[in-house]
Amino acid sequence: QVQLVESGGGLVEPGGSLRLSCAASRSIFRTYTMGWYRQAPGKQRELVTTITTTGSTNYVAFVKGRFTISRDNAKNTVYLQMNNLKPEDTAVYYCNANWGAATFWGPGTQVTVSS
């Protein structure tokens, strides 16, 4: 069983930055695509970004140029650097590990963007 634990969420003013981290319980990075999703109150969970084992990244339009995903295979950790945060980025952010039919989720970390 894979365990994912997010950290780094919090309250930030509009225009500010946060870096989220997701640590895995064991080495899965050689085979799993890692990703970040988010869920705002009253909305469905949505994809934010993914990174493959070879480092290829994919971003949804509303975060391009502001968010950056990266992974450190030696530390079994994936990061999400979020810059120029907007109030609409407020959500619970979830780490995801996926390989074929196998998918795992972290418990989530709250990000609140407010003045």
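Read-outs throughout are calculated quantities, based only on the coordinates presented, and are distinct from any laboratory measurement. Here the structure is a predicted model, which means the values were calculated and not measured. We place every Cβ from the backbone using ideal geometry, glycine too, and count neighbours over all the protein chains shown.
The residues packed around Cys22, meaning those with a beta-carbon under 12 Å from its beta-carbon, carry a net charge of +1 if Lys and Arg are +1 and Asp and Glu are -1. Going toward the positive end of the dipole of the chain, with +1 on Lys and Arg Cβ and -1 on Asp and Glu Cβ, which of Thr112, Asn76, Gly35 do you reach last? Going by the charge dipole, the pick is Asn76.
When Lys and Arg each count +1 and Asp and Glu each count -1, what net charge do the other residues less than 11 Å away from Gly108, Cβ to Cβ, add up to? Present the calculation step by step, with values, prior to reporting the outcome.
Details: positive: Arg38, Arg45; negative: Glu6.
Spelling it out: positives minus negatives among the neighbours equals +1.
With bins 5 Å wide beginning at 0, the percent of Cα pairs of region 32-97 falling in each bin runs 4, 17, 30, 25, 15, 7, 2, 0.
Between beta-carbons, use under 12 Å as the cut-off and find the net charge around Tyr32, counting Lys and Arg +1, Asp and Glu -1. Walk me through the numbers on the way to the answer.
Values: positive: Arg26, Arg30, Arg71; negative: none.
That sum, taken over residues with Cβ under 12 Å, equals +3.
For the options Thr53, Thr68, Thr33, a Gaussian network treatment of the chain with springs between C-alpha atoms closer than 10 Å singles out Thr53 as fluctuating the most.
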